[in-house]
1. Taking a cut-off of 19 Å between Cα atoms, list the lysines near LYS131, but don't count ones fewer than 8 places away on the same chain.
2. What's the exposure ranking of GLU155, GLU127, GLU11, going from fewest to most Cβ atoms within 10 Å?
3. The range 4-63: D in µm²/s via Stokes-Einstein (Kirkwood Rh, Cα pairs, 10 °C, 1.306 mPa s)?
4. Counting DSSP beta bridges with both partners in the range 22-72, what percentage is antiparallel, nearest 5?
5. Report the equivalent ellipsoid semi-axes for the range 66-135 in whole Å, largest first, defined as the square roots of five times the eigenvalues of the gyration tensor built from alpha carbon atoms.
Amino acid sequence: MIARLQGKLVELSENVALLDVAGVGYEVELSGAALDALPPVGGEVTTYTHFVVREDVQSLFGFASRAERDLFRTFIRINGVGPKLGLALISSVAISDLSRAVEANDVSMLTRVPGVGKKTAERLLVELRDKLPMVPGTERAVLERLDRGMTTEAESALVALGYKPAEAARVISGVAAELEDIGSTDDILRAAFRRLARQTEMSS
């Protein structure tokens, strides 16, 4: 099992990063949060990974944190959810939004994720009702912190600037979870703009 990689970013194609780890190149398909956190090419990267082995393919999936990887593993244990769909869920739905969807039995929240139909969404909501609280990083205190009105305002601000709602939610959720102290919406937005600037630098 390859559980964690630390190495140099050699190249990036869409969401697939090539990492040089002690002279060995690893292709890693990254979650949205892991992608946002990447340094420019040549920088050092640390990512938690999940290794998938099948008859015709071996794939590595990379995540920004152990908690994110654990949530991904929770997804792919659900019948009908494979690694690609699990990665789409991780990258498209903030943990706080997912928690609200589970509590409210909100099927429409999940059907907005590419590849998730109504039946899959209903199954996810049922399965996650018991499993989600057991995933590190989704404890009530963390979710309450992420669910503040300030994060919603920050997401709306990014959408008003032209960012897609899923991208705005992903970036805001990521920076809100990392900030030591959230004093205002401006604190979240400043951190979000720094992350988005790094992302722009990598693509230029």
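Throughout, read-outs are computed from the coordinates displayed, never taken from laboratory work. The model shown is predicted, which means the values in this text are computed figures rather than measured ones. Cβ sites come from the backbone with ideal geometry, for glycine too, and all protein chains shown count toward neighbours.
1. LYS119
2. Lowest to highest Cβ neighbour count: GLU11, GLU127, GLU155.
3. Taking Rh from Cα pairs, D becomes 139 µm²/s.
4. DSSP beta bridges in the range 22-72 are roughly 75 percent antiparallel.
5. 15, 14, 11
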